[in-house]
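The values are calculated or read from the model by the stated rules, or taken from the named source; none is laboratory data. Because the structure is predicted, anything quoted here is derived from the model rather than measured. Note: ideal-geometry Cβ built from the backbone for every residue, glycine included; neighbour counts use all protein chains shown.
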């Protein structure tokens, strides 16, 4: 990363930084004689010693050198946002390349940032990471990180990522492992592209790098390729249809259990929920998934975790809070069968009236069935269609529920990372910039996010009863679990 220093935005009154003469507008250049690369690097350098030796540049171009006895803690400054690094690959199934036109700028960002990989679990292909950056990962102990491998066979990987210089991913992974960095890996599987013998080699190569202690491939997930209706001019990629998904799930489910048995019961090979939902199969039981729900953010175990919580919740006294409630639950076609079954169980148990509608994705195409990619217009259309279908019934519903994963906590610059030129938008915004309050006003009934489970949803419904959330900070009224986080273009 090029070094120009990091600008100081604010200095806390009475802080060590203020006492040392540091002022807002100064640029922090070095700590202990080492260049400051970004916020994460600052945190690493400032905590290394009990006394921090700093070099700064004033707005007038002069420099300040000072030392602060900080005891290995922060010194009371807020730093400017770091700009997100972008991806150099041209993966044949890249979702950003399949985005329809007219959406906000941040949704066309292909983030490829090892800092986001470490902090938030984003997957990186390591295409933007040269040897110097790999050494930084080792030196600053940015472990674990998450790597999109797709294929370990160099020729196959080049076909997938579209970059002839990035075929040998194992060289970079081995460099990290040798430095004691743990790695979670994934492969997005496309029929005829990286399945079959290519997938088996990927499994074998990464499995051979699973070991005790630091410097291990902690997990390998496989995720079915996701294709939108907007692939004009892009390479032909075969979709994962129900038959392929069923064959894959049945073939690799026993292998997951076999590898887990050889790993003291902890699963290492992970199958994304979509293999089962696309195939119309029941997701496996709790033991099939990592004890720590590894790669949950990658769609591994979300359905099972929801089912486990729902089973306990419906038997609890808290479930009575749903009694008599008439609620419309909107979700994607993938999750609709599971949610419908749970809603029926809750209705029988407490006398609630929850209905589930599988919402078609007109924005990205009906082949996109995950809830997190539903736009506000899709949800509004589904709700109005349901209202018309139930016209004549007094009151329609008491509330409408939208998937938390379809909402963003931020849609522009964040507290730490930003994309140049992006405008901050209010929280509670869908992909198409419709906001949650706007949808509620259009529907004329309280409209709330689902949360991560039935308990969260009941909290949200009760908050709506009190008139909570009229725009602004979403987390002040609702649970943020399940909401999409600010970094990255999307999270299915």
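Got a sec? Which of 65, 49, 18 is assigned to a strand (DSSP E or B) and either at negative phi or modelled with pLDDT under 85 (or both)?
Details: 49 fails: assigned to a strand (DSSP E or B); 18 fails: assigned to a strand (DSSP E or B).
Answer to the selection: 65.
Going by what's in this entry, would residue 345 be described as surrounded by fewer than 17 Cβ atoms within 10 Å (Cβ to Cβ), at negative phi and within 26 Å of the chain's Cα centre (by Cα)? Write out each step before concluding.
Numbers: surrounded by fewer than 17 Cβ atoms within 10 Å (Cβ to Cβ): yes; at negative phi: yes; within 26 Å of the chain's Cα centre (by Cα): no.
So residue 345 fails the test.
Within region 229-264, work out how many residues are buried (at least 19 other Cβ atoms within 10 Å of the Cβ) and within 19 Å of residue 372 (Cβ to Cβ).
Looking only at that region, the number is 2.
From the set of residues in region 43-63 that are in contact with a strand residue (DSSP E or B) (Cβ under 6 Å, 6 or more places away or on another chain) and within 22 Å of residue 142 (Cα to Cα), which is surrounded by the most Cβ atoms within 10 Å (Cβ to Cβ)?
The qualifying residue surrounded by the most Cβ atoms within 10 Å (Cβ to Cβ) is 52.
Could you grab me the full set of residues in region 171-196 that are crowded, with 19+ Cβ neighbours inside 10 Å and in a helix (DSSP H, G or I)?
Of the residues in region 171-196, the ones crowded, with 19+ Cβ neighbours inside 10 Å are 172-173, 176-177, 181, 183-190, 193-195.
Correct list: 172, 173, 176, 177.
What is the number of the single condition among (1) under 27 Å from residue 35 (Cα atoms); (2) within 18 Å of the chain's Cα centre (by Cα); (3) assigned to a helix (DSSP H, G or I) that residue 107 does not meet?
Going through the list (1) under 27 Å from residue 35 (Cα atoms); (2) within 18 Å of the chain's Cα centre (by Cα); (3) assigned to a helix (DSSP H, G or I), residue 107 breaks only (1).
List the number of the failed condition for residue 276; all other conditions in (1) modelled with pLDDT under 95; (2) more than 24 Å from residue 462 (Cβ to Cβ) hold.
Every listed condition holds for residue 276 apart from (1).
Considering only region 370-410, how many residues are assigned to a loop (DSSP other than H, G, I, E, B) and either touching a strand residue (DSSP E or B) at 6+ places or on another chain (Cβ under 6 Å) or surrounded by fewer than 22 Cβ atoms within 10 Å (Cβ to Cβ) (or both)? Talk me through it step by step, then tell me what you get.
Pass one, region 370-410, residues assigned to a loop (DSSP other than H, G, I, E, B): 370, 374-375, 390-398, 403, 407, 409-410.
Next cut, either touching a strand residue (DSSP E or B) at 6+ places or on another chain (Cβ under 6 Å) or surrounded by fewer than 22 Cβ atoms within 10 Å (Cβ to Cβ) (or both) only: 375, 390-398, 403, 407, 409-410.
Looking only at that region, the number is 14.
Under 30 Å from residue 365 (Cα atoms) and in contact with a helix residue (DSSP H, G or I) (Cβ under 6 Å, 6 or more places away or on another chain) - does that describe any residue in region 307-322? Walk me through how you get there before you give the answer.
Of region 307-322, the ones under 30 Å from residue 365 (Cα atoms) are 307.
Right, trim to in contact with a helix residue (DSSP H, G or I) (Cβ under 6 Å, 6 or more places away or on another chain) and you get none.
For region 307-322, residues under 30 Å from residue 365 (Cα atoms) and in contact with a helix residue (DSSP H, G or I) (Cβ under 6 Å, 6 or more places away or on another chain): absent.
Would you point out the residue of region 68-87, among those that are farther than 20 Å from residue 13 by Cβ and not in a strand (DSSP E or B), that is modelled with the highest pLDDT?
Step one: of region 68-87, the residues farther than 20 Å from residue 13 by Cβ are 72, 81-87.
If we keep only those that are not in a strand (DSSP E or B) too, we end up with 72, 81, 84-85, 87.
On the way: 72: 87, 81: 76, 84: 76, 85: 79, 87: 80.
The selected residue is 72.
Conditions (1) under 20 Å from residue 192 (Cβ atoms); (2) outside the structural domain of residue 178 (by TED's automatic domain parsing); (3) touching a residue at least 12 places away in the same chain (Cβ under 8 Å), marked per residue:
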| site | (1), (2), (3) |
| --- | --- |
| 206 | no, no, yes |
| 209 | no, no, yes |
| 222 | yes, no, yes |
| 229 | no, no, yes |
| 246 | yes, no, yes |
| 251 | yes, no, no |
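In region 110-139, how many are assigned to a helix (DSSP H, G or I) and either in contact with a strand residue (DSSP E or B) (Cβ under 8 Å, 6 or more places away or on another chain) or at pLDDT 85 or above (or both)? First the steps, then the outcome.
We begin by selecting, within region 110-139, every residue assigned to a helix (DSSP H, G or I); these are 114-120, 131-139.
Checking which are either in contact with a strand residue (DSSP E or B) (Cβ under 8 Å, 6 or more places away or on another chain) or at pLDDT 85 or above (or both) leaves us with 114-118, 131-139.
Matching residues across region 110-139 total 14.
Within region 291-327, how many residues are surrounded by 18 or more Cβ atoms within 10 Å (Cβ to Cβ) and part of a loop (DSSP other than H, G, I, E, B)?
Number of matching residues: 6.
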